[in-house]
Amino acid sequence: MKKGGNAIDAAVATGFVLTVVKPSSNSIGGVNWIVVRLADGETAIILGAGKAPMKAAPDMYELEPEGFGPYFRKVKDDANVIGHRSVAIPGLVAGFATLLEKYGTMDWEEVLQPAIRYAEEGFVVSILDIVGIAQRMEIILRYRATAEILLRNGFPPKLGRRDRWDGSERIVQRDLAESLRKIAEGGPEAFYRGEIAEAIVGDMEEHGGLMTDEDLATYEPWIVKPTPVSYRGHEVIYAHVITAGPLVMETLNILEGFDLGALGHNTPETLHLLAEAMGLAYSDYYQYVGDPNFVAVPSVGLSSKEYAAERRELIDLEKASVSVKPGDPWPHEGESTTHQCVVDKEGNVTSITQTLGGGFGSFVTVPGTGIILNDQMWGFNPEPGHANSVAPGKWRVAPTAPTIIAKDGVPLLSVGAPGGGRIPLAVTQVIMNVIDHGLGIQAAIEAPRIDRGSTLSMPDEIVLDSRIGEPTREALSRLGHKVFVVDEQPWVPGGSVNFAVPVGILIDPKTGRLHGGVDPYRIGAAVGY
């Protein structure tokens, strides 16, 4: 933006820098989900999401008897999480290319220069990076090309004093710099059809992976027309397919029937309603949401006010639900990640989530390219017969929730988060904190949160931030909730391990001043100028 670019140029440049400096969670071998609102009011959703290779099949994984979290079966040898068979077709490069071509003002080569520089010159290794590498040493050592990038003589990089960095404390990625340079010169074609694609496919063939040159050459991001929805008179712009957008919207719609402002912020009454709404929305999400090209998905019904009113009737103000089951939205149908938010002075707004998937993705680095590949196949249900089961060419559903909110035709909030299955509930609570409780963006993000029904918590329990006081916990227990209390851990590696990590920009409707908010429990979050 200092060079005259707009929010879209800045977002693409930032996105590519993140693929270099956050190798644990980002790579050009990863994916992204983009929501954009232009100054003239035009909105768009661009999904550079993961897609199953055409050789994928519903029964491609051998299943273990036990579950992976409350919803999925575990796969033998973690084959859907680690290694070449966990890799989905990467969409990040195509997603950003489409965004820049449609709405940016700078050329492809210019926005890639910062990422090329960081790859070639290296970046300072934080304690978060070092501990993340150390925790996964056993797996990293299985993949030589990945170990060559992340390790120093078989060990994680050393953590030195911040005023005395030397070359040994930087991760330098010259192969990646060369790959980025090829993409800068040749555009996305250089990734999906050129030498890079040949290297990816060759490595897949050598190690039993599924991706082919045809998978890469035919990949295009999914461009979706936003569905107009509202929350308490605010326009909500979100991705309503293959993301957790329907879950967030259903939760908000259910809560819209209660005066949360009058009930108070994080009171037992408000948290009870939130937990119940979360449980109802999550049960629908895992029952119905999949790639609509393969299964019928009631995305309009899930986001409808009428369906929310039906689900709201199931909430008892005096006691918690014992079990939560999916509803029937069809009658209302009608016709380890990063997140960045960018707003410019003209009023262009982006909200973008991008990721490899789990920490360091598949752990596979394509030799000679410096590109770590995603493990997006783990987002599919590995058991056949479900809405989100594996199928050739199927889009992977992800629990991401990049969101933009406007009021009276003027942008108000850009928000999103990394954090896996915990993302939608974190984004929902930030939106509630801003709209229902009148908090500023920093206060809205750092306020203690709860979680219910995500991939890391059981459907019948509430994970509660210990900063929420004992009287509130006891009141929730008396209502019948199973309360599991966890501590947030400020300024330690990983931070915010129990909840997602929101980031947002709030635009003052009176002055136009931009206010950025980041999670204080997470190392590495930052706000721009």
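Quick note: the coordinates plus some simple rules give every number you see, no bench work behind them. Keep in mind that what you see is a predicted model, and the values were worked out from it rather than measured. Methodologically, a virtual Cβ is constructed for each residue, glycine included, from the backbone with ideal geometry; neighbour enumeration extends over all protein chains shown.
Packing-wise, with mean Cβ within 10 Å as the measure, how do 352-359, 442-449 rank, highest first? Walk me through the intermediate numbers first.
On the way: 352-359: 26.6, 442-449: 20.5.
Highest to lowest by the protection proxy: 352-359, 442-449.
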- Message: Can you tally the net charge around H234? Count Lys and Arg as +1, Asp and Glu as -1, for every other residue whose Cβ sits under 10 Å from the Cβ of H234.
- Response: 0
- Query: Per the Kirkwood formula on distinct C-alpha pairs, the Rh of region 284-326 is how many angstrom?
  - Reply: 12.0 Å
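Evaluate the relative contact order of region 194-283 (contact order divided by residue number), counting alpha-carbon pairs under 8 angstrom at least 6 apart; express in whole percent.
17 percent
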- Item | Calculated log₁₀ intensity ratio I(q)/I(0) where the Debye formula runs over C-alpha points of region 383-432, q = 0.30 Å⁻¹ | -1.07
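Using only Cα atoms, figure out Rg for region 233-388 and give it as a multiple of 2.2 N^0.38 Å. Intermediate values should be presented prior to the final figure.
Details: Rg = 18.8 Å, N = 156, 2.2 N^0.38 = 15.0 Å.
Here the answer is 1.25, to two decimals.
Quick one: what do you get for region 1-60 if you divide its Cα Rg by 2.2 N^0.38 Å? Working shown, then result.
Values: Rg = 15.6 Å, N = 60, 2.2 N^0.38 = 10.4 Å.
Taking the Cα Rg and dividing by 2.2 N^0.38 Å, one obtains 1.50.
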- Message: Can you give the Rg/Rh ratio of region 1-105, where Rg is from the C-alpha atoms and Rh is the Kirkwood radius?
- Response: 1.10
- Query: What is the Å³ per residue value for the convex hull set by the Cα atoms of region 149-267?
  - Reply: 284 Å³
- Query: Could you work out Rg/(2.2 N^0.38 Å) for region 48-141, with Rg from alpha carbons only?
  - Reply: 1.52
- Query: If packing is taken as the mean number of other Cβ atoms within 10 Å per residue, what is the order of 476-487, 243-254, 39-50, highest first?
  - Reply: 243-254, 39-50, 476-487
- Item | region 179-220, Cα convex hull volume normalised per residue, Å³ | 57 Å³
- Using the Karplus curve 6.51 cos²θ - 1.76 cosθ + 1.60 with θ = phi - 60°, work out ³J(HN,Hα) for each residue of region 253-268 in order, rounded to whole Hz, and write x for Gly and Pro. 5, 4, 6, 4, x, 10, 8, 5, x, 5, 6, x, 6, 6, 7, x
- Item | Highest to lowest packing among 186-194, 427-435, 56-64, 26-34, scored as the average C-beta count within 10 Å | 26-34, 427-435, 186-194, 56-64
- What is the projected area of the convex hull of the Cα atoms of region 81-214, averaged over all directions, in nm²? 9.6 nm²
- Cα-Cα over 18 Å, subset of K51/K76; K2/K22; K345/K510; K407/K510; K102/K225: K51/K76; K2/K22
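If you wrap a convex hull around the Cα atoms of region 311-434, how much volume per residue is inside, in Å³?
Values: hull volume 28.2 nm³, N = 124.
Considering the Cα atoms of region 311-434, their hull volume per residue is 227 Å³.
Using the Cα gyration tensor of region 280-370, with a ≥ b ≥ c the square roots of its eigenvalues, what is the shape: rounded (a/c below 1.5), prolate (a/b larger than b/c) or oblate (neither)? Numbers along the way, then the final one.
Details: a/c = 2.07, a/b = 1.72, b/c = 1.21.
Here region 280-370 falls in the prolate category.
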- Taking every other residue with Cβ under 10 Å from the Cβ of E64 and scoring Lys and Arg +1, Asp and Glu -1, one gets -1
